[in-house]
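The values are calculated or read from the model by the stated rules, or taken from the named source; none is laboratory data. In this text, all values refer to a predicted model and were calculated from it rather than measured experimentally. Note: ideal-geometry Cβ built from the backbone for every residue, glycine included; neighbour counts use all protein chains shown. The protein model used for the area step is the full one, side chains on, heavy atoms only, and it has no ligands, DNA or RNA in it. Shrake-Rupley method; radii C 1.70, N 1.55, O 1.52, S 1.80 Å.
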Amino acid sequence: MHISSLTVTNFRNITTQRFEFLRGINILFGDNGSGKTNLLEAIFVLLLGRSHRGASDNYMVRSECDVYRIEGEIITDNKSIEVAVAYQRSERKKITIDKVTSRIQELYEIFCVVSAGPEDSAILSGAPSTRRGFVDIYLSQISRKYLDDLSNYQKVLSQKNAALKNEMDPGPFNALLVTYGCRIMSNRITFLDEVASLTREFYREISGGGNLNLTYQPSIGGLEEDRSPEGLQQRFERRLSDSRHREQVMHTSLVGPHRDDIHFEIEGLPARQHASQGEWRTGAIALKLAVYQILKEKRESEPILLLDEIFAELDEKRIHGLIDAFGGFGQLFLTTAVEPPSRMKENSRRFQIAGGAVEGIA
(Lines give C-alpha, C1' and ligand atoms only; values in the text may rest on other atoms or scores of the structure.)
Protein backbone atom coordinates (compact mmCIF):
# COMPACT_ATOMS: atom_id res chain seq x y z
CA MET A 1 0.00 0.00 0.00
CA HIS A 2 1.32 3.45 -0.84
CA ILE A 3 0.17 7.00 -1.53
CA SER A 4 0.82 7.91 -5.16
CA SER A 5 -0.36 11.53 -5.05
CA LEU A 6 -1.71 13.97 -2.48
CA THR A 7 -3.44 17.35 -2.76
CA VAL A 8 -3.86 19.44 0.39
CA THR A 9 -5.96 22.62 0.54
CA ASN A 10 -6.32 25.08 3.45
CA PHE A 11 -4.95 22.64 6.03
CA ARG A 12 -2.94 24.19 8.90
CA ASN A 13 -0.37 26.48 7.19
CA ILE A 14 -0.73 24.79 3.79
CA THR A 15 -2.71 26.78 1.19
CA THR A 16 -2.82 24.43 -1.79
CA GLN A 17 -0.14 21.88 -2.56
CA ARG A 18 0.04 18.79 -4.74
CA PHE A 19 2.62 16.06 -4.14
CA GLU A 20 3.77 13.04 -6.13
CA PHE A 21 5.35 10.53 -3.76
CA LEU A 22 7.72 7.61 -4.17
CA ARG A 23 6.64 4.17 -3.11
CA GLY A 24 9.73 4.02 -0.87
CA ILE A 25 11.29 6.84 1.17
CA ASN A 26 9.99 10.43 1.03
CA ILE A 27 12.01 12.98 2.99
CA LEU A 28 10.37 16.26 4.07
CA PHE A 29 13.27 18.62 4.79
CA GLY A 30 12.99 22.10 6.28
CA ASP A 31 13.31 24.33 9.33
CA ASN A 32 11.20 23.79 12.43
CA GLY A 33 7.78 25.37 11.92
CA SER A 34 7.97 25.09 8.15
CA GLY A 35 4.94 22.78 7.88
CA LYS A 36 6.57 19.35 7.67
CA THR A 37 4.58 17.92 10.58
CA ASN A 38 1.39 19.45 9.19
CA LEU A 39 1.91 17.48 5.99
CA LEU A 40 2.30 14.24 7.97
CA GLU A 41 -0.90 15.12 9.83
CA ALA A 42 -2.71 15.63 6.51
CA ILE A 43 -1.58 12.17 5.37
CA PHE A 44 -2.86 10.62 8.61
CA VAL A 45 -6.21 12.42 8.25
CA LEU A 46 -6.54 11.17 4.67
CA LEU A 47 -5.92 7.56 5.74
CA LEU A 48 -7.90 7.41 9.00
CA GLY A 49 -10.07 10.52 9.06
CA ARG A 50 -8.52 11.95 12.21
CA SER A 51 -5.37 13.67 13.48
CA HIS A 52 -2.59 11.57 14.97
CA ARG A 53 -2.03 14.51 17.35
CA GLY A 54 -5.60 14.40 18.66
CA ALA A 55 -6.44 17.82 17.18
CA SER A 56 -10.04 18.71 16.40
CA ASP A 57 -11.00 19.52 12.82
CA ASN A 58 -11.68 23.18 13.64
CA TYR A 59 -8.02 23.64 14.61
CA MET A 60 -6.79 22.00 11.40
CA VAL A 61 -8.58 24.43 9.08
CA ARG A 62 -6.20 27.14 7.89
CA SER A 63 -6.63 30.51 9.60
CA GLU A 64 -9.30 32.72 8.02
CA CYS A 65 -10.60 29.79 5.98
CA ASP A 66 -13.78 27.78 6.46
CA VAL A 67 -12.92 24.49 4.75
CA TYR A 68 -9.99 22.12 4.45
CA ARG A 69 -9.80 19.36 1.85
CA ILE A 70 -7.33 16.51 1.45
CA GLU A 71 -7.37 14.29 -1.62
CA GLY A 72 -5.16 11.38 -2.52
CA GLU A 73 -4.64 8.45 -4.84
CA ILE A 74 -3.70 5.34 -2.88
CA ILE A 75 -2.49 2.11 -4.43
CA THR A 76 -3.42 -1.03 -2.52
CA ASP A 77 -3.66 -4.64 -3.71
CA ASN A 78 -2.61 -3.44 -7.18
CA LYS A 79 -5.61 -1.15 -7.57
CA SER A 80 -5.99 2.60 -7.32
CA ILE A 81 -8.35 4.16 -4.78
CA GLU A 82 -9.31 7.85 -4.77
CA VAL A 83 -9.91 9.17 -1.27
CA ALA A 84 -11.01 12.63 -0.13
CA VAL A 85 -11.56 14.03 3.37
CA ALA A 86 -13.16 17.47 3.68
CA TYR A 87 -14.34 19.49 6.65
CA GLN A 88 -16.28 22.75 6.87
CA ARG A 89 -16.45 24.66 10.14
CA SER A 90 -19.56 23.81 12.16
CA GLU A 91 -20.42 21.04 9.69
CA ARG A 92 -19.81 17.30 9.65
CA LYS A 93 -16.71 15.88 8.04
CA LYS A 94 -17.26 14.34 4.61
CA ILE A 95 -15.32 11.29 3.46
CA THR A 96 -15.48 9.85 -0.04
CA ILE A 97 -13.86 6.69 -1.40
CA ASP A 98 -13.87 6.53 -5.19
CA LYS A 99 -16.36 9.44 -5.10
CA VAL A 100 -18.82 7.47 -2.92
CA THR A 101 -19.71 8.97 0.47
CA SER A 102 -18.20 6.72 3.12
CA ARG A 103 -17.89 6.33 6.88
CA ILE A 104 -14.67 6.69 8.85
CA GLN A 105 -14.85 2.96 9.71
CA GLU A 106 -14.23 2.15 6.04
CA LEU A 107 -10.93 4.04 6.12
CA TYR A 108 -9.76 1.92 9.05
CA GLU A 109 -10.77 -1.22 7.20
CA ILE A 110 -8.92 -0.36 3.99
CA PHE A 111 -5.84 1.59 5.11
CA CYS A 112 -3.11 1.13 7.69
CA VAL A 113 -0.68 3.75 9.06
CA VAL A 114 1.73 4.18 11.98
CA SER A 115 3.07 7.55 13.08
CA ALA A 116 5.97 8.22 15.44
CA GLY A 117 7.12 11.61 16.69
CA PRO A 118 7.96 13.82 19.70
CA GLU A 119 4.32 13.94 20.86
CA ASP A 120 4.45 10.19 21.56
CA SER A 121 6.35 10.80 24.81
CA ALA A 122 2.97 11.81 26.26
CA ILE A 123 1.84 8.19 25.97
CA LEU A 124 4.19 7.46 28.87
CA SER A 125 4.16 10.84 30.61
CA GLY A 126 0.72 12.29 29.93
CA ALA A 127 -2.91 11.75 30.88
CA PRO A 128 -4.74 8.39 30.73
CA SER A 129 -6.82 9.67 27.80
CA THR A 130 -3.62 9.85 25.71
CA ARG A 131 -2.89 6.20 26.41
CA ARG A 132 -6.46 5.14 25.64
CA GLY A 133 -6.28 7.10 22.39
CA PHE A 134 -3.10 5.26 21.43
CA VAL A 135 -4.75 1.87 21.99
CA ASP A 136 -7.93 2.85 20.14
CA ILE A 137 -6.15 4.16 17.01
CA TYR A 138 -4.03 1.06 16.47
CA LEU A 139 -6.37 -1.65 17.72
CA SER A 140 -9.10 -0.22 15.48
CA GLN A 141 -6.81 -0.80 12.49
CA ILE A 142 -6.63 -4.48 13.39
CA SER A 143 -10.29 -5.10 14.20
CA ARG A 144 -13.29 -3.45 12.55
CA LYS A 145 -15.39 -5.12 15.26
CA TYR A 146 -13.40 -3.30 17.94
CA LEU A 147 -13.99 0.03 16.19
CA ASP A 148 -17.72 -0.68 15.94
CA ASP A 149 -17.92 -1.71 19.61
CA LEU A 150 -16.01 1.43 20.59
CA SER A 151 -18.36 3.65 18.58
CA ASN A 152 -21.45 1.97 20.05
CA TYR A 153 -20.03 2.17 23.58
CA GLN A 154 -19.36 5.90 23.23
CA LYS A 155 -22.90 6.53 21.98
CA VAL A 156 -24.45 4.68 24.93
CA LEU A 157 -22.03 6.39 27.32
CA SER A 158 -23.16 9.80 26.03
CA GLN A 159 -26.79 8.82 26.57
CA LYS A 160 -26.09 7.63 30.11
CA ASN A 161 -24.17 10.82 30.95
CA ALA A 162 -27.04 12.91 29.60
CA ALA A 163 -29.44 10.98 31.83
CA LEU A 164 -27.19 11.54 34.86
CA LYS A 165 -26.92 15.27 34.17
CA ASN A 166 -30.71 15.51 33.88
CA GLU A 167 -31.11 13.49 37.10
CA MET A 168 -32.86 10.66 35.28
CA ASP A 169 -32.42 6.94 35.91
CA PRO A 170 -29.21 5.84 34.08
CA GLY A 171 -29.87 2.16 34.77
CA PRO A 172 -31.35 1.25 31.34
CA PHE A 173 -28.02 2.06 29.69
CA ASN A 174 -25.84 -0.11 31.91
CA ALA A 175 -26.62 -3.43 30.22
CA LEU A 176 -25.41 -2.12 26.85
CA LEU A 177 -22.35 -0.52 28.45
CA VAL A 178 -21.45 -3.92 29.89
CA THR A 179 -22.00 -5.72 26.57
CA TYR A 180 -19.86 -3.35 24.48
CA GLY A 181 -17.43 -2.57 27.30
CA CYS A 182 -16.52 -6.19 28.04
CA ARG A 183 -15.75 -6.81 24.36
CA ILE A 184 -13.58 -3.67 24.30
CA MET A 185 -11.66 -4.72 27.41
CA SER A 186 -11.19 -8.27 26.17
CA ASN A 187 -9.68 -6.97 22.92
CA ARG A 188 -7.45 -4.55 24.80
CA ILE A 189 -6.14 -7.37 27.00
CA THR A 190 -5.10 -9.48 24.01
CA PHE A 191 -3.63 -6.53 22.10
CA LEU A 192 -1.66 -5.07 25.01
CA ASP A 193 -0.22 -8.45 26.01
CA GLU A 194 1.35 -8.68 22.56
CA VAL A 195 2.39 -5.01 22.56
CA ALA A 196 4.03 -5.40 25.99
CA SER A 197 6.16 -8.34 24.92
CA LEU A 198 7.47 -6.67 21.75
CA THR A 199 7.95 -3.29 23.42
CA ARG A 200 10.19 -4.86 26.08
CA GLU A 201 12.38 -6.34 23.36
CA PHE A 202 12.65 -3.14 21.33
CA TYR A 203 13.30 -0.97 24.39
CA ARG A 204 16.08 -3.28 25.51
CA GLU A 205 17.60 -3.14 22.02
CA ILE A 206 17.38 0.65 21.60
CA SER A 207 18.46 1.56 25.15
CA GLY A 208 21.27 -0.98 25.33
CA GLY A 209 19.75 -3.24 27.97
CA GLY A 210 17.10 -1.19 29.78
CA ASN A 211 13.84 -2.61 31.10
CA LEU A 212 10.36 -1.35 30.25
CA ASN A 213 7.10 -3.00 31.27
CA LEU A 214 3.51 -2.03 30.63
CA THR A 215 0.37 -3.28 32.32
CA TYR A 216 -3.24 -2.77 31.30
CA GLN A 217 -5.33 -1.32 34.14
CA PRO A 218 -9.08 -1.52 33.45
CA SER A 219 -11.22 0.63 35.71
CA ILE A 220 -13.13 -2.44 36.90
CA GLY A 221 -9.90 -3.89 38.37
CA GLY A 222 -9.17 -7.52 39.14
CA LEU A 223 -7.38 -8.33 35.90
CA GLU A 224 -4.76 -10.35 37.74
CA GLU A 225 -7.50 -12.57 39.17
CA ASP A 226 -9.78 -13.35 36.23
CA ARG A 227 -9.48 -12.29 32.57
CA SER A 228 -12.35 -14.40 31.28
CA PRO A 229 -15.37 -12.72 29.62
CA GLU A 230 -17.53 -13.95 32.51
CA GLY A 231 -15.13 -12.46 35.06
CA LEU A 232 -15.03 -9.13 33.24
CA GLN A 233 -18.84 -9.01 33.10
CA GLN A 234 -19.29 -9.83 36.77
CA ARG A 235 -16.79 -7.21 37.93
CA PHE A 236 -18.18 -4.57 35.55
CA GLU A 237 -21.73 -5.10 36.80
CA ARG A 238 -20.57 -5.08 40.41
CA ARG A 239 -18.58 -1.86 39.98
CA LEU A 240 -21.55 -0.18 38.26
CA SER A 241 -23.77 -1.15 41.18
CA ASP A 242 -21.22 0.06 43.75
CA SER A 243 -20.72 3.37 41.91
CA ARG A 244 -24.39 4.13 41.33
CA HIS A 245 -24.82 6.72 44.10
CA ARG A 246 -21.47 8.42 43.38
CA GLU A 247 -22.30 8.67 39.67
CA GLN A 248 -25.63 10.31 40.46
CA VAL A 249 -23.92 12.84 42.72
CA MET A 250 -21.17 13.62 40.18
CA HIS A 251 -23.50 13.47 37.15
CA THR A 252 -21.08 11.36 35.11
CA SER A 253 -20.24 7.71 34.47
CA LEU A 254 -17.25 6.56 36.51
CA VAL A 255 -16.75 2.94 35.47
CA GLY A 256 -15.90 1.39 32.11
CA PRO A 257 -13.30 1.34 29.32
CA HIS A 258 -13.46 5.14 29.05
CA ARG A 259 -11.69 5.18 32.45
CA ASP A 260 -9.03 2.55 31.68
CA ASP A 261 -5.30 3.22 31.82
CA ILE A 262 -1.94 1.65 30.98
CA HIS A 263 0.80 1.62 33.61
CA PHE A 264 4.39 1.94 32.35
CA GLU A 265 7.44 1.07 34.42
CA ILE A 266 11.06 1.75 33.47
CA GLU A 267 13.71 0.02 35.56
CA GLY A 268 10.97 -0.98 38.00
CA LEU A 269 9.74 2.57 38.68
CA PRO A 270 6.58 4.31 37.40
CA ALA A 271 7.60 5.96 34.14
CA ARG A 272 5.25 8.91 34.47
CA GLN A 273 6.82 10.11 37.72
CA HIS A 274 10.41 8.86 37.56
CA ALA A 275 11.56 8.49 33.94
CA SER A 276 13.61 11.09 32.09
CA GLN A 277 12.53 12.73 28.84
CA GLY A 278 15.05 10.52 27.02
CA GLU A 279 13.52 7.41 28.56
CA TRP A 280 10.00 8.56 27.63
CA ARG A 281 11.17 9.15 24.05
CA THR A 282 12.91 5.78 23.81
CA GLY A 283 9.91 4.01 25.35
CA ALA A 284 7.55 5.68 22.88
CA ILE A 285 9.72 4.66 19.92
CA ALA A 286 9.82 1.07 21.22
CA LEU A 287 6.04 1.16 21.56
CA LYS A 288 5.53 2.31 17.98
CA LEU A 289 7.99 -0.30 16.70
CA ALA A 290 5.90 -2.94 18.45
CA VAL A 291 2.66 -1.62 16.98
CA TYR A 292 4.18 -1.47 13.50
CA GLN A 293 5.25 -5.12 13.65
CA ILE A 294 1.84 -6.24 14.96
CA LEU A 295 -0.07 -4.33 12.27
CA LYS A 296 2.26 -5.60 9.57
CA GLU A 297 1.59 -9.19 10.67
CA LYS A 298 -2.15 -8.87 11.27
CA ARG A 299 -2.90 -6.87 8.12
CA GLU A 300 -0.40 -8.86 6.00
CA SER A 301 0.84 -5.57 4.53
CA GLU A 302 3.38 -2.92 5.46
CA PRO A 303 1.63 0.06 7.08
CA ILE A 304 2.48 3.49 5.72
CA LEU A 305 5.07 4.85 8.13
CA LEU A 306 5.24 8.49 9.28
CA LEU A 307 8.39 9.44 11.20
CA ASP A 308 8.47 12.99 12.57
CA GLU A 309 11.96 14.14 13.65
CA ILE A 310 12.47 10.69 15.10
CA PHE A 311 16.24 10.62 14.51
CA ALA A 312 16.98 14.09 15.90
CA GLU A 313 18.49 12.95 19.22
CA LEU A 314 19.97 9.60 18.16
CA ASP A 315 23.58 8.80 17.24
CA GLU A 316 24.46 7.05 13.96
CA LYS A 317 24.56 3.59 15.54
CA ARG A 318 21.09 3.90 17.04
CA ILE A 319 19.72 5.39 13.83
CA HIS A 320 20.83 2.33 11.86
CA GLY A 321 19.49 0.04 14.58
CA LEU A 322 16.14 1.81 14.48
CA ILE A 323 15.89 1.54 10.70
CA ASP A 324 16.72 -2.17 10.93
CA ALA A 325 14.11 -2.62 13.67
CA PHE A 326 11.29 -1.33 11.46
CA GLY A 327 12.48 -3.81 8.86
CA GLY A 328 10.85 -4.33 5.48
CA PHE A 329 8.88 -1.08 5.50
CA GLY A 330 6.93 -0.13 2.40
CA GLN A 331 6.29 3.61 2.04
CA LEU A 332 7.95 5.91 4.55
CA PHE A 333 7.65 9.64 5.19
CA LEU A 334 10.43 11.24 7.22
CA THR A 335 10.56 14.84 8.46
CA THR A 336 13.87 16.35 9.47
CA ALA A 337 15.31 19.81 10.14
CA VAL A 338 18.87 18.48 9.73
CA GLU A 339 20.50 16.35 7.10
CA PRO A 340 18.73 12.97 7.05
CA PRO A 341 20.70 9.77 7.75
CA SER A 342 22.88 8.93 4.77
CA ARG A 343 21.36 5.48 4.57
CA MET A 344 17.92 7.00 4.00
CA LYS A 345 19.01 9.29 1.16
CA GLU A 346 19.47 6.36 -1.19
CA ASN A 347 16.48 5.74 -3.47
CA SER A 348 14.49 8.53 -1.84
CA ARG A 349 12.66 11.69 -2.94
CA ARG A 350 13.38 14.84 -0.98
CA PHE A 351 10.92 17.73 -0.61
CA GLN A 352 12.20 21.10 0.61
CA ILE A 353 9.39 22.58 2.74
CA ALA A 354 9.08 26.25 3.82
CA GLY A 355 5.96 28.09 4.98
CA GLY A 356 3.76 25.11 4.19
CA ALA A 357 4.92 25.07 0.56
CA VAL A 358 7.36 22.98 -1.47
CA GLU A 359 10.38 25.01 -2.53
CA GLY A 360 12.21 22.20 -4.29
CA ILE A 361 12.23 18.48 -5.03
CA ALA A 362 15.36 16.34 -5.36
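Some notes on this structure:
- Measuring r between the beta carbons of GLN352 and ILE110 and using R0 = 22 Å, the FRET efficiency lands at 0.10.
- The chain - percent of accessible surface contributed by carbon and sulfur, probe 1.4 Å: 45 percent
- Placing pseudo-labels 7 Å out from each Cα toward the beta carbon at HIS320 and ARG69 gives an inter-label distance of 4.8 nm.
- Across all C-alpha atoms in segment 128-252, the radius of gyration and Dmax reach 16.8, 56 Å.
- More than 14 Å apart - percent of Cα-Cα pairs taken over segment 240-321: 76 percent
- In sequence order, calculated HN-Hα J values of segment 114-122 (Karplus, 6.51, -1.76, 1.60; Hz; x Gly/Pro): 10, 10, 9, x, x, 5, 5, 4, 5
- Paramagnetic reach from GLU91 in segment 6-29 [backbone N under 18 Å; point 7 Å along Cα→Cβ]: 8-12
- Neighbours of SER90 by Cβ distance under 11 Å: Lys/Arg scored +1, Asp/Glu scored -1, total -1.
- Near the amide H of ALA354, within less than 5 Å, lie the amide hydrogens of GLU359, all on another chain or at least 5 residues away, with H placed in the peptide plane.
- Rounded to 0.05, the FRET efficiency of the GLU167 and GLN234 pair, given R0 = 25 Å and the Cβ-Cβ distance, is 0.30.
- Counting every C-alpha pair in segment 182-267, the share spaced more than 22 angstrom apart comes to 38%.
- Near ASP169, once Lys and Arg are set to +1 and Asp and Glu to -1 for all other residues with Cβ below 15 Å from its Cβ, the sum equals +1.
- Average projected area [Cα convex hull, the chain], square nanometres: 19.0 nm²
- Contour minus Cα-Cα distance for THR16 and LYS298 (0.36 nm per residue): 97.9 nm
- Estimated [θ] at 222 nm from DSSP helical runs (n ≥ 4, -39500 (n - 2.57)) normalised by residues in the chain, nearest 500: -14500 deg cm²/dmol
- Alpha carbon convex hull of segment 1-92, volume per residue in cubic angstrom: 98 Å³
- Each other residue within a Cβ distance under 10 Å of GLU73 adds +1 if Lys or Arg and -1 if Asp or Glu, for a net charge of -3.
- Taking 7 Å steps out from each Cα toward its Cβ at ALA127 and GLU194 produces label points 3.0 nm apart.
- Helix 316-326 vs. the chain, principal-axis angle (Cα, 0 to 90°, nearest 10): 60 degrees
- Average accessible surface for the chain: 46 Å² per residue, computed with a 1.4 Å probe over protein heavy atoms with every protein chain in place.
- Mean projection area, nm², convex hull over Cα of segment 30-147: 8.8 nm²
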